[in-house]
Every structure is written in structure tokens, then in C-alpha cells.
Amino acid sequence: MKYALGKKVGMTQIFTENGDQIPVTVVAVEPQVVVQRKTKDIDGYEAIQVATGAIKEKHVNKPLKGHYDKAGVEYKKTIREFPLAEGEDFNVGDELKVDVFEVGEKVDVTGTSKGKGTAGIIKRHNFGRGRETHGSKFHRMPGGMGAASYPGRVWKGHRMMGRMGNERVTVQNLEIVRVDADNNFLLIKGAIPGPKNGLVRVRATVKNGK
């Protein structure tokens with residue numbers, strides 16, 4: 001399995017030799033290092049912990065310092081865990097770069113969507129408005145929520161006003177258009193979740209559970 005932790009730089013467009021325009025999202029993928037290898041015998045599952053991003057030593061707490069010192073790697077800003085497929089093998093200290101991906105490969109990108117604060121039912125769920133005629137008091141309200149006698153409560157999961165955005169979102173089957181190994185950039189066709197400079201996970205698309 002191919003993995004990467006990246007930072008969303010923003011969107012742009014590129015043109016093919018035929019003159020076709022392709023909208024792409026630029027993801028900066030700095031070299032990453034494996035800081036821990038988890039196994040079934042010890043941890044009960046197979047995974048690796050990957051760290052990336054430069055950070056000053058004074059900004060690293062003691063537990064993380066011990067974690068990095070045990071692995072014998074430099075201190076990093078971000079650390080995340082990726083599951084391993086059967087037969088994959090990584091060792092502590094292995095470096096992962098952007099060139100593990102290839103042009104035309106399909107990937108799944110996971111990020112945290114933009115937070116939009118508390119929103120009403122029209123903005124959040126695309127509900128319709130009420131009447132605008134004389135005497136109507138129903139304009140942007142949620143409307144009926146349930147019967148009075150049964151069940152006598154609001155059903156769990158009922159669409160209402162509340163926090164919008166700021167959720168973990170995964171977009172699947174996106175195509176890699178270009179791999180810039182010199183500048184550590186991935187150009188991925190289409191849009192991915194999150195704001196600019198937001199942390200994203202890039203993972204090769206799993207096919208048939210493999």
C-alpha cells in the first residue's frame with residue numbers, strides 16, 4: 001500500500017498535449033519517516049506510524065521526544081498511523097517520498113472539511129423556504145419534527161440546524177495527474193476536502209479489499 005501525509009496548497013489547472021484543461025489540487029508531500037512498526041504479536045494489528053514536518057525541539061513534549069529518540073529519528077511536527085496490507089513490510093527509519101506514487105494512479109484523499117459554524121436547515125440541508133405571503137410566520141424554520149402522541153420525541157438523526165462542516169471527509173478514486181519529485185508536489189485531479197494548508201492523507205485506492 002502507498003501512503004503519504006501532505007498539505008493542501010490549493011487548486012490550479014494544467015493543460016495536456018491535446019489542449020485539454022484539467023483542474024488539479026496541489027498537495028505538498030514532504031519526505032516522511034517511519035517512527036514505529038506495529039505488529040499483530042505485540043499490538044494486535046499491522047500498521048506503521050509515519051511522521052513529517054519540521055519542528056523546533058522546544059515545541060515537542062517529553063512523551064513525543066522519547067518516542068522519536070527510541071526510533072532514532074529527527075523530531076517531526078505531525079505523526080499519523082496507516083494500516084498495512086498483508087505482505088507489506090516497513091522498518092523504523094524508512095523514508096517515504098512523493099515518488100512512491102505514479103501518474104495515472106488512483107488514490108483516496110482524507111481531510112477535515114472547512115468549518116462553517118452553526119447553520120440553519122436551509123444552508124445545512126438544502127431545505128426549502130416557507131411561504132412569503134401575507135400573514136405567514138413560516139419562512140426559514142425547520143417545520144414539523146414528529147407526531148404528538150407517538151413516538152412523542154424527535155427521532156434520532158433528524159436533520160436539524162447545527163454545526164456545519166469541520167468533519168472528516170474522504171474522496172475516493174481521484175487520479176494523480178503529475179508527480180513532481182523535485183519539489184515534492186502531487187497534482188491530483190479534482191477537489192479534495194479541507195482549507196489551504198490543511199493536513200490530508202493520500203492513500204492508494206483499495207481494489208477488491210486488497
Requested in this report: Test V73 against the criterion of being of a type in the set (V, I, T) and touching a helix residue (DSSP H, G or I) at 6+ places or on another chain (Cβ under 7 Å), and give yes or no.
Outcome: no
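Please verify whether R178 is open to solvent by 70 Å² or more (accessible area, probe 1.4 Å) and within 16 Å of the chain's Cα centre (by Cα), treating the condition exactly as stated. First the steps, then the outcome.
Values: open to solvent by 70 Å² or more (accessible area, probe 1.4 Å): yes; within 16 Å of the chain's Cα centre (by Cα): no.
When the stated conditions are applied, R178 does not pass them.
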Query - Residues (touching a residue at least 24 places away in the same chain (Cβ under 8 Å) and assigned to a loop (DSSP other than H, G, I, E, B)) located in region 18-53 - result: V29, E30, P31, Y45, E46
Report task. Write out, first by first residue and then by second, each pair whose Cβ atoms fall under 7 Å of each other, whose residues are 6+ apart or on separate chains, and whose first residue, in region 154-181, is on the phi > 0 side of the Ramachandran plot while the second is outside any strand (DSSP E or B) and open to solvent by less than 40 Å² (accessible area, probe 1.4 Å). Result -> G165/S113; N166/S113; N173/T205
Report summary line: Scanning region 16-35 residue by residue, those open to solvent by less than 20 Å² (accessible area, probe 1.4 Å) and among the hydroxyl-bearing types (S, T, Y) turn out to be T25
Report summary line: Listed by first then second residue, the pairs whose first member lies in region 72-95 and is aromatic (F, W, Y), whose partner is in a loop (DSSP other than H, G, I, E, B) and open to solvent by less than 40 Å² (accessible area, probe 1.4 Å), with beta carbons under 7 Å and at least 6 positions apart or on separate chains, are Y75/V60
Requested in this report: Hey, can you tell me all the residues within region 54-80 that are part of a loop (DSSP other than H, G, I, E, B) and either among the aliphatic types (A, V, I, L, M) or under 22 Å from the mean Cα position of the chain (by Cα) (or both)?
Outcome: I55, V60, V73
Query raised in the report: Somewhere in region 154-165, is a residue closer than 23 Å to P31 by Cα and open to solvent by 70 Å² or more (accessible area, probe 1.4 Å)?
Result: no
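Looking only at region 81-109, which residues are in a strand (DSSP E or B), under 22 Å from N183 (Cβ atoms) and open to solvent by 70 Å² or more (accessible area, probe 1.4 Å)? Reasoning before the result, please.
Just the residues of region 81-109 that are in a strand (DSSP E or B), to begin with: 81-83, 95-96, 106-109.
Remaining after also requiring under 22 Å from N183 (Cβ atoms): 95-96, 107, 109.
Within region 81-109, just E95 meets the criteria.
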Requested in this report: Within region 40-67, count every residue that is open to solvent by less than 40 Å² (accessible area, probe 1.4 Å) and among the polar types (S, T, N, Q).
Outcome: 2
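The values are calculated or read from the model by the stated rules, or taken from the named source; none is laboratory data. Worth saying up front: this structure is predicted, and the values here are computed from it rather than measured. Positions of Cβ are backbone-derived with ideal geometry, glycine not excepted, and every protein chain shown enters the neighbour counts. Keep in mind that these areas ignore ligands, DNA and RNA; they rest on the heavy atoms of the full protein, side chains included. Shrake-Rupley method; radii C 1.70, N 1.55, O 1.52, S 1.80 Å.
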